[in-house]
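K.L.:
Sending over a structure as structure tokens; questions will come in a sec.
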Amino acid sequence: MTKCLKVFTGVAFMSLCALLLVPSVMQGRVADVVWQPFTTTVEQSSQALSVARVQLPQSLDRLQRIQGVLVAIMYPTGCANIDCPTRDVAVMRDGQLKVVSEIPVSALESERVLDSHGRVLWTQRGKSSARFNVQELNLETASVSTLARDVFLGDTSEARVRAANGKLYFEVYGLQELAPGIVPVMIRESQSNENFSETLVMNQQWRKSLEEIQDVDAQGRILTRLTFPSGDQELWYHQRTVERGTFPKPQSVAVEGSYTIDGHLVGVHFVDADTIEFFRYQTLMRYTISTGTLTDLGERLHWVEGTGSQEALVITAGEMLYFVGEDATGGTQIKVRHGGVTTILGAADSTGLWIDDGLVTAATTTTYMSPTSGSTVSRFVNELEAQTGASKHAFAGAMDLEVLGASFIYIDGAGTIHWNTTNARDETVSAVVGTGSRAYLVSETEVMWVGFDGVLRRAIVRPAAIGSIAQPTFYKTATSSTVYLVQDGKRWIVPNEQTYFTWASTFDGVQTIGAAVLNSNTNAGYLQMKPGTLIKTATSKHVMVLWDDWHKQRIANEAVALAIFGERWWQQIVVVDPTVMNQYVERPSAIESVEQYVR
């Protein structure tokens, strides 16, 4: 067990041994830019999918979602490596971005953002070495503001801040190491939610240990984890005692039975005013404060050698999502725990992730049924992703899942990103958008991800152009040249080659079957050109895109067509007879941007 403080960066765990003695003097400032459109280069484009490279002003470190806003974490100019103490943040919203410079790396750590309920906070030196200002990154305005000035924290090598219950809580690192990798940490609390500048000490510091805040309850009591020079760990909780005529004093009490050799304490949180739960040696334990009793709850956290706790356990907003050991089928159960009550969400193994509440994903098969409104799964997943970029379902081969509205994406073991939704007819619609290590849904039809080459990409998906027959099968009989598209017990007559070639590129895939088999499928009439097809008449300058079997919409100009369909967009146009053009009802406004080219 390492004796260094470890934090989750959103990509991997990193050690802070080398950072503990670095003064916290970084200052965030707003770059002198305004909101500006993305610069993109189209790499691939079709009727159903458009993929483009996103050009960023600096080298990309990672992609992360904070407070529901997607941000690109970039290396500052002149320092493109992981040792840089700051990062520049490109806030991306509605196809535009704005850059905020010099945000400390520690402020962007996923666990720390999660601990502060989605807020990005950090400290910088104030008017003296013992006083600090508290800075906050406002993602709505993409700017940095000062939350508190000249907060007294004492002489310190580093001060970290988190927000809870309207107050600020600080981990104040001492100047001297008590042992290699171990420094004293003073826990301080702002005196009120109106006066952040005055703070009170919360922990009684007399042990040679590193102390980290684990949780803060509604009454302002604090749970901390002590790491001793040997690597052993123990939980303590702290509260204030107020005696008549005296200043409020901290009372620090060890959680009985929490001591672990070589440190195996994770998932520490208050359940209520009298109950603490945590995993000790990967076993779920409950501690009752009033009676001092410790209870083994009989569940064991699934632990994979070489992975961090964030991959097997996530806590947010009073809920804990975790994987437990192998069940009778050899899989691993996924559970959520809230208020001391456990709900089984589903199961997982090395090939995929199964969630029982209407959502099933795997490396080889994908099925999606819209979860019930306000279901535990969709509520928990979206709530978690709104606060942090932490990988919540990363499991056994980079499996990662994200849900947004009726759509979801997941990455299989090979790194392939699958997009899925249900259409208005409750049919499953899916597409492969690319490959990479992390992907986010910006909207139900827009995906952004980082490829294995480190390039940020953006995909716009049109469900209407995919439809339930995205990979159609065509048939004919031995005695007739008529071609049919057959799907889901229905058969459509292909009226002509022009229509056929909007669905397929050659006749090689047409299969010959018996007439009886063909006629066992219900006659659905004539096949229309595939949604997403570009059409125009010989005499008109206007280019239309087909939305479905009944509607068309005009492309505003060449620049929009280029952005959506690529450099050879004009080669995709099908010139049709006016009678065919008139079969479709025109939508009232033209498509003027990539964002409008969605269902």
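The values are calculated or read from the model by the stated rules, or taken from the named source; none is laboratory data. In this text, all values refer to a predicted model and were calculated from it rather than measured experimentally. Don't worry about glycine lacking a Cβ; one is built from the backbone with ideal geometry, like all the others, and counts go over all protein chains shown.
K.L.:
Here's a check for you: in the range 451-463, which residue that is of a type outside the set (Gly, Ala, Ser) and surrounded by fewer than 21 Cβ atoms within 10 Å (Cβ to Cβ) is nearest to GLN44 (Cα to Cα)?
P.N.:
VAL455
K.L.:
May I ask you to list the residues in the range 557-582 that are over 26 Å from SER407 (Cβ atoms) and without any contact (Cβ under 8 Å) to a residue 40 or more places away in the chain?
P.N.:
Those that are over 26 Å from SER407 (Cβ atoms) and without any contact (Cβ under 8 Å) to a residue 40 or more places away in the chain: ASN557, GLU558, ALA559, ARG568, TRP570, GLN571, ILE573, THR579, ASN582.
K.L.:
Which of the residues that make up the range 150-191 are within 21 Å of GLN251 (Cβ to Cβ) and among the polar types (S, T, N, Q)?
P.N.:
Selection gives ASN165, SER190, GLN191.
K.L.:
Do we find a residue being buried (at least 16 other Cβ atoms within 10 Å of the Cβ) and farther than 30 Å from SER593 by Cβ anywhere in the range 552-569?
P.N.:
no
K.L.:
In addition: Could you list all residues from the range 580-599 that are closer than 20 Å to VAL54 by Cα and surrounded by fewer than 17 Cβ atoms within 10 Å (Cβ to Cβ)?
P.N.:
Passing the criteria: GLU592, SER593, GLU595, GLN596, VAL598.
K.L.:
In addition: Determine if the range 145-156 includes at least one residue that is among the small types (Gly, Ala, Ser) and in contact with a Lys or Arg (Cβ under 8 Å, 6 or more places away or on another chain).
P.N.:
No, the conditions are met nowhere in the range 145-156.
K.L.:
Confirm whether ALA538 is surrounded by 12 or more Cβ atoms within 10 Å (Cβ to Cβ) and more than 39 Å from the chain's Cα centre (by Cα).
P.N.:
No; evaluated as a whole, the condition is false for this residue.
K.L.:
Which members of the range 273-293 meet the condition of being part of a strand (DSSP E or B) and surrounded by 13 or more Cβ atoms within 10 Å (Cβ to Cβ)?
P.N.:
Result: THR275, ILE276, GLU277, PHE278, PHE279, ARG280, THR283, LEU284, MET285, ARG286, TYR287, THR288.
This table checks each residue for (1) modelled with pLDDT under 90; (2) closer than 25 Å to ALA52 by Cα.
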site	(1), (2)
ASP549	yes, no
ARG554	no, yes
GLY566	yes, yes
TRP570	yes, yes
PRO578	no, no
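Condition check ((1) under 24 Å from LEU114 (Cβ atoms); (2) surrounded by 20 or more Cβ atoms within 10 Å (Cβ to Cβ); (3) without any contact (Cβ under 8 Å) to a residue 24 or more places away in the chain) across all residues:
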site: SER46; (1), (2), (3): no, no, no
site: ALA52; (1), (2), (3): no, yes, no
site: ASP61; (1), (2), (3): yes, yes, no
site: ARG65; (1), (2), (3): yes, yes, no
site: VAL69; (1), (2), (3): yes, no, no
site: CYS79; (1), (2), (3): no, no, yes
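K.L.:
Which condition breaks for ASP272 when tested against (1) at pLDDT below 90; (2) more than 20 Å from GLU111 (Cβ to Cβ); (3) touching a strand residue (DSSP E or B) at 6+ places or on another chain (Cβ under 8 Å)?
P.N.:
(3) is the only condition that ASP272 fails.
K.L.:
Residue under question is TYR259, and the condition is that it be hydroxyl-bearing (Ser, Thr, Tyr), at pLDDT 85 or above and buried (at least 22 other Cβ atoms within 10 Å of the Cβ); does it hold?
P.N.:
no
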